[in-house]
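Here's the structure we're looking at; comments come further down.
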Amino acid sequence: MSAFFAHSGLDSVEGWFFYLGAAVAVVGALMTVLSRSPLRGALWLIVSLCSVAVLYLLLGASFVAAMQVLVYAGAIMVLFIFVIMLLNLGPDAGVRPAYLSVAKVLGLGAAAYFTFQIVTSVSGGKAQAVDGTVKAVGTLLLGNYLFAFEAISVLLLVAVVGAVVLGMKRLT
Amino acid sequence: MIDSVIGPTHFITVAALLFGIGAAGAIWRRNALMVLMSIELMLNAANIVFVAYGRQYGDNGSHAIAFFVMAIAAAEAAVGLAILIGIFRTRQTIEVDELDALRDET
C-alpha cells in the first residue's frame, strides 16, 4: 500500500494537490462541454481554469498562475458571461447528432495513438528548477522576447479596434 | 517539489484530456459560444504542455510563451464575441448549423 502511495506520488503534498487540481480541471472541462445552458458552461469553465492555475503553481510558474486567474478566469470569462447575458440565450439544442464514419474512427484512433506515444516518450531525468517569479519572467519578456512582447501589444490594440468596429451599429 | 514523482507525463496527460474534451466540444456543440469556450480549453491544454516541458528542461522561456498564448486568447475572444454579436443582430441565432450563408448551394 505504501509502495503504491510512493509510486503514484500520493505520499507527498504536491501529489495530493496535483491529483485534486487535475481531477477538478477535467471534471470542470467535461461539465463545460456537457452543460445545456451556456451560462452554466461558462461558470464550470471558470472552475476548470482556476484548477489549471493550481497546476501551474505546482510547476513553479507563479507568474503564469497569477495571469491565469487574472486574465483567463477574470477578464476573458467576464467577457463571455457578459455576451451570454447580452444575447439572453436559453438552454440550447445541445450537441448535434453524432454519426460514426470510417474517417472519424481512423482520426480518433490515430490521435489516441500519437497522444499515447508523446505522453510515454517524455524523457525521464530530474525536473530542473525554473524561476517563475514575476521578476524573472518580466526580465525575460522585456529582454529576449521584447519584439514579441511589443507585437502582442499591437495585436491587442488591433483586436480592441476590431471588436469596437464589429460591435458598432450599422448606420444604413 | 523537484524530487516529486509527479513528472511531466502527469501534466501532459491532463493536458491531453483537456484538449480532447475541448476538441469534442468544438466539434459537437451547436452553440457558437460553447464552441469558443471549447477553443479556450484547448489553448489552456497547450499552455500546460509548454509550462510542463519548461520545467523539465529548466527553461522559463515557456512562461513567456504561455503569457503570449493568453494574450492571443484574449484577443481571439474579444474579436470572436464581437463577431457573434454581429451575427446575432442580423440572424437572431448563433446556432452554428443555421449559419450556412457561405455553403455551396449545389
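What follows is calculated from the coordinates using simple rules that are stated; it is not laboratory data. Just so it is clear, the structure is predicted and the values come from calculations on it, not from any experiment. Virtual Cβ from ideal backbone geometry, glycine too; neighbours counted across all protein chains shown.
Some observations on this one:
- Inter-chain shielding of B:35-45 (mean C-beta neighbours from other protein chains, 10 Å cut-off): 5
- Hydrodynamic analysis of segment B:1-45 uses the Kirkwood radius over alpha carbon pairs. Inserted into Stokes-Einstein at 10 °C and 1.306 mPa s, it gives a translational diffusion coefficient of 140 µm²/s.
- Share of Cα-Cα pairs in segment B:8-91 lying beyond 23 Å, as whole percent: 31
- Tail fraction, Cα-Cα pairs, the protein assembly as shown, threshold 30 Å, whole percent: 36
- Fewest neighbouring Cβ atoms within 10 Å first, the residues B:63, B:10 line up as B:10, B:63.
- Whole-Å distance, taken between Cα centres, linking segment A:17-68 and segment B:10-45: 12
- Within a Gaussian network of chain A (alpha carbon springs, distance under 10 Å), most fluctuating of A:45, A:100, A:89: A:100
- Helix B:32-56 axis, angle to chain B major axis (alpha carbon atoms, nearest 10°): 20
- Fluctuation leader among A:103, A:127, A:151 - chain A, Gaussian network, Cα springs under 10 angstrom: A:103
- Cβ-to-Cβ counts within 10 Å put A:46, B:27, B:94 in ascending order as B:27, A:46, B:94, the fewest first.
- Count Lys and Arg as plus one, Asp and Glu as minus one, and take only other residues whose Cβ is under 13 Å from that of residue A:156; the net charge is then -2.
- The trypsin sites (Lys or Arg not before Pro) of segment A:106-172 that DSSP puts in a loop, and whose beta carbon has at most 12 other beta carbons within 10 Å, are A:126, A:169, A:170.
- Highest-MSF residue in chain A out of A:71, A:52, A:158 [GNM, Cα springs under 10 Å]: A:158
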